[in-house]
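First up is the structure itself, then whatever we jot down about it.
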Amino acid sequence: MVKRGGEALRSRATADRLPKPAADIANAVLDEMMGLGHRVNAQVSVLAKSMIGTEPDSDIMLEDLSATEAPANLFAATLYPAMKLATARMSLTGAFVSEAAARKAFAETVTSQKHVSGAHMAATLTFALIDAPVLQGHITSANALLSGDEAKAVAIFAVLLWLQSPREEADQEMALMSAVDLSGIFAKQIVTACGTRDAAALALLYAKYADNV
């Protein structure tokens, strides 16, 4: 708020609007205000992270990952904090996220599917992440309708749905929470598709809901 207000004022305190001495003084004051705005924003970010843990920091889309340098490493580094937030959002206990399993699953599936759609790639990757497993430990779900294993599938689906959704860097966490909540609504469809290894059905869910996150 301080930053935004300072930017608005700066546009009015230009040399062509004020005499030079007055403009210089005004700009110096505004520089201090803008600095305060950056510090306030940084403090809020630190506070949020201390409350909810680390947050995802990449806005790259799943379909574009295979074209990057060391894609499996980037995928695992992006997936790890996102999965932590997703399991927390779902109130799952006892869950541990394995970056090594994420790297292995990505390397074994996505690199061989560079020319398929993001939705079909995500479906295949979902099964690989379940089998790896990327979520380890004795997991219990606060949702009485889902077993621990079923909740794992929903959490993985939610994170991969988020990775297929166009999103701004500043909206990363909000988009991920939206993906988790949306996945919870049709959790049984996700569980059924994962249980029967129906890649087509799972890809259809990804394609249908990616733009709704």
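The values are calculated or read from the model by the stated rules, or taken from the named source; none is laboratory data. Note that the structure is a prediction, hence the values are computed from the model and not measured. Ideal geometry is used to build each Cβ from the backbone, glycine not excepted, and the neighbour counts take in all protein chains shown. Just so you know, the surface numbers come from the protein's heavy atoms only, side chains and all, with ligands and any DNA or RNA stripped out. Shrake-Rupley method; radii C 1.70, N 1.55, O 1.52, S 1.80 Å.
A few points about this structure:
- Candidates Ala132, Ala200: the one that is of a type in the set (Gly, Ala, Ser), under 23 Å from Ala76 (Cα atoms) and at pLDDT 95 or above is Ala132.
- Residue match in the stretch 165-183 (condition: open to solvent by 30 Å² or more (accessible area, probe 1.4 Å), assigned to a loop (DSSP other than H, G, I, E, B) and at pLDDT 95 or above): no
- The residue list Ser183, Ser98, Ser117, Ser147 contains one member that is in contact with a strand residue (DSSP E or B) (Cβ under 9 Å, 6 or more places away or on another chain) and either over 17 Å from Pro81 (Cβ atoms) or free of Cβ contacts under 8 Å to residues at least 12 places away in the same chain (or both), which is Ser147.
- For Ala199: the one exception among (1) open to solvent by 20 Å² or more (accessible area, probe 1.4 Å); (2) touching an Asp or Glu at 6+ places or on another chain (Cβ under 9 Å); (3) among the small types (Gly, Ala, Ser): (2)
- Any hit, the stretch 147-155, residues being modelled with pLDDT under 95, part of a loop (DSSP other than H, G, I, E, B), under 23 Å from Ala193 (Cα atoms) and not aromatic (Phe, Trp, Tyr): no
- In this structure, Arg103 does not qualify as within 23 Å of Pro166 (Cβ to Cβ), basic (Lys, Arg), surrounded by 14 or more Cβ atoms within 10 Å (Cβ to Cβ) and modelled with pLDDT of 50 or more.
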